[in-house]
Amino acid sequence: MQITTDAIAAVRTELEREEEFLLDLTQQMVRIPTVNPKFETDVTLNHEADLQHYLRMVLDGFGMRTDSYDVFAGRPNLTGTLPGGEARSLILCGHVDVVPVGDRKQWSVDPFGGEIRGRRLYGRGAIDMKSGLAATVAVARAISRTAIALDGRLEIHAVVDEEAGGFGARDLVERGRRAAGLIVTEPTWQTLMPAEGGLEWVRVSFRGRNAHSAWRYNEIFPQADTPERLEPGVNALEIAARFVTAVQQLEHDWTTRKRAHPLLPPGVNTIHPGVMLCGSGVGADGLPHLLSNPAIIPDIAVIDFDLKFLPNETSAQIRREFEAFVHAFAQQDSWLRQHPPTVQWDLYGLHFPPLNTPVDHDLVRAIVDARADRGQNTEIKGFIAVCDAAHYAGVGIPGVIYGPGGDGFHGPDEYVDLDSLRDVTQTLAAATLRWCGVR
């Protein structure tokens, strides 16, 4: 409608006039180190609270109503709200935590300097994802400064802990901070992504029987079962190794026989064995107590898997399939039939529900149309990794992932392309107005 067209033009003009705000905000955010303390604890690096305080002043400065909640001690989420109704409400979401810098010798710039070279802004978090979060703030500011009254409520969610499992976004969802739609501005190189697979961390534990390794022959070669025969050991490590090989076949079956999701490449539904611990004696945490004596036949083996599944599958479905596979594996072994392996889900509390927003959804169309207005075609694909969109999707909120381009995320010389950031901000503004509407 005409009033929306006029509003889009006004907000775009404001963003062009205030482009330095977007640039300066991204720089200032990069210059505040916010390394997730679950990865590296350092008083000089763990400043999520300082960044959130800075952002809160920015949001307050142009009239957003702000709220803050601690997810963990000293690690707060921040929300900002422009008023409006529920039916066309929208959340713009980004995370403030970053991964560690790694080897600083591999960086050609100060990781927290926010240096600009050409049309690139460098620093840890520049692309993942402080620039995307800055874009959401710039959009809300431009809407506020042009005195546009939105029909649907607009919220900014600046969350902690995405890099370690998304517990910040989960906290907001559990507090009831929800809306009719969601855009997460993770880096997508301006590709629109309305789908991502789900993720589960799962632990499978195998029990064996301790014995001295000198009597290994008693376990693996036929022996006369006489009264003086020592009770054979059962090597849990070898059982676990066989299981890893069997899981590779399950992975092959899933990736080749299940129909691929139309927005994702075939084979993304992987079962990755990431951690394996074997030894003797089980501690209170369920892990081997002794890891340093190969003279003992190990009686405990624990394998942690990173299990990815398709956007059109459910966690409950995948859990049933995997548990059925573990049971079938155990039935092939006389020891395991009597001592079945255990399966533990929600490992470290981590899981990501799938995101599967239809490509003809109004939110998808809002971004496609916003780009078309500027003569741009839109590529629509699925998100290969996982992000906070999952936790909103888990409570039924349709969402998309759309953000700028750059390089070096989780590596040295991370940067955001400033032309891409500017373009994403313009698209985000028009899409927000199209989705929320104006009064």
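Derivation of every value follows stated rules applied to the coordinates shown; laboratory data play no part. All figures in this text were calculated on a predicted structure; none of them were measured in a lab. Quick reminder, even Gly has a Cβ in these numbers, built from the backbone with ideal geometry, and neighbours come from all protein chains shown.
Summary table
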| quantity | calculated |
| --- | --- |
| Assigned charges on the beta-carbon of Lys, Arg, Asp, Glu; the chain dipole about Cα centre (debye) | 600 debye |
| Which of 181, 114, 154, positive extreme of dipole for segment 101-191 (C-beta unit charges) | 114 |
| Of 400, 326, 424, the one that fluctuates the most in a GNM where the chain has Cα springs shorter than 10 Å | 326 |
| Pairwise FRET efficiency - residue 178 versus residue 320, Cβ, R0 = 45 Å, nearest 0.05 | 0.95 |
| Nearest 10 degrees, 0 to 90: helix 236-257 Cα axis against the chain principal axis | 50 degrees |
| Inter-label distance, nm, simple model (7 Å from Cα along the C-beta direction), residue 257/residue 226 | 4.8 nm |
| Rounded tilt (10° steps) of 418-436 against the dominant C-alpha axis of the chain | 80 degrees |
| In nm, spacing of pseudo-spin labels at residue 241 and residue 24 (7 Å Cα→C-beta vector) | 6.3 nm |
| Inter-label distance for residue 338 and residue 151, nm, one decimal - labels placed 7 Å from Cα along Cα-to-Cβ | 7.1 nm |
| The chain - share of DSSP beta bridges that are antiparallel (%, nearest 5) | 75 percent |
| Most mobile listed residue (51, 25, 287) in the chain, GNM with C-alpha springs under 10 Å | 287 |
| Which listed pairs, of 258/381; 130/308; 38/130; 105/130, have C-alpha distances above 21 Å, in listed order | 130/308; 105/130 |
| Dipole axis of segment 198-351 (+1 Lys, Arg; -1 Asp, Glu on Cβ), positive-most option in 301, 239, 267 | 267 |
| Longest to shortest principal axis, alpha-carbon extents of the chain, angstrom | 92, 45, 37 |
| Alpha carbon convex hull of segment 198-351, volume per residue in cubic angstrom | 122 Å³ |
| Check: segment 283-404 dipole with +1 on Lys, Arg Cβ and -1 on Asp, Glu Cβ, in debye | 160 debye |
| Taking segment 56-147 and dividing mean pair separation by its residue count, relative contact order in percent (alpha carbons under 8 Å, at least six apart) | 25 percent |
| Where trypsin sites (Lys or Arg not before Pro) fall in DSSP loop in segment 148-215, at most 13 other Cβ within 10 Å | 175 |
| Backbone HN-Hα couplings from phi across segment 362-375 [Karplus 6.51/-1.76/1.60, Hz, Gly and Pro as x] | 4, 5, 4, 4, 4, 6, 4, 5, 4, 6, 4, 4, 9, x |
| Phi to ³J(HN,Hα) by Karplus 6.51 cos²θ - 1.76 cosθ + 1.60 over segment 326-342, Hz, x for Gly, Pro | 4, 4, 4, 4, 5, 5, 8, 10, 4, 5, 5, 5, 8, 9, x, x, 9 |
| 10 Å beta-carbon shell around residue 161, net charge (K/R +1, D/E -1) | -3 |
| Extended-chain gain in nm, criterion 0.36 nm per residue less alpha-carbon gap, residue 17 and residue 104 | 27.7 nm |
| Value in Å of the Kirkwood radius, where segment 143-256 supplies the Cα pairs that are averaged | 21.0 Å |
| The chain - percent relative contact order, Cα under 8 Å, separation 6 or more | 25 percent |
| Ascending count of other beta-carbon atoms within 10 Å, so fewest first, for 103, 60 | 103, 60 |
| Listed residue (212, 79, 339) projecting farthest to the positive dipole end of the chain, Cβ model | 79 |
